[in-house]
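Let me begin by presenting the structure, written as structure tokens, before commenting on it.
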């Protein structure tokens, strides 16, 4: 679901900024506004709602796409410099979180303060992922397909380390979580760019529509499981009371 959301974030962000010619600056302002609205709704929510949660994830991904493109292209920082700046910001957020809370485990995301750290890390990890994904595809010479294969290989190593090593699960989680974004960035470009540029030529509209449909199916399945979990929980509470 995270990979689907980050890939959709890339294609939808490009749809707004490039296909509709809104521009990176205006697109960033619009999508940051959407992110703030969805984030406030999430922070004020007393329960976990999968649809709301994944809407915030998607809004960080789309906002991250246009923010990164604005930094790298409009401001002229370039992919490498933009990536380094975002790595520093993300590292600072994670270190500040670790210093204040004592752990980066998402199992501890139960308070308002920790949730702010969590969403700040997600927003900047998605922004970083776009810049780094573009660096892999354009500046490194790997191309879109090569970038996808490289990040896929690293993700596969992380999965193997999860099952066959004693490396910190929290470290592996954040490594995988952050890398899903450059995967989504390169995969999104692979899907949307023309054949002449090394892409598959599906376009931003077609790719975004298909990805949105797939994510909607996943979210519906998650919501069904959430309702079932709550039903079972209430049933067990009634049995205990009896």
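The values are calculated or read from the model by the stated rules, or taken from the named source; none is laboratory data. In this text the structure is predicted, and so the values were computed from the model without any measurement. Virtual Cβ from ideal backbone geometry, glycine too; neighbours counted across all protein chains shown.
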Worksheet item: Conditions: (1) within 16 Å of the chain's Cα centre (by Cα); (2) touching a residue at least 40 places away in the same chain (Cβ under 8 Å); (3) under 27 Å from residue 204 (Cα atoms). Residue 82 meets all but one. Number of the miss?
Response: (1)
Item to complete: Scan (1) farther than 17 Å from residue 181 by Cβ; (2) modelled with pLDDT of 90 or more; (3) surrounded by 22 or more Cβ atoms within 10 Å (Cβ to Cβ) for the single condition residue 41 breaks and write down its number.
Response: (3)
Item to complete: Would you check which residues across region 141-179 are at positive phi and surrounded by fewer than 13 Cβ atoms within 10 Å (Cβ to Cβ) and list them?
Response: 141
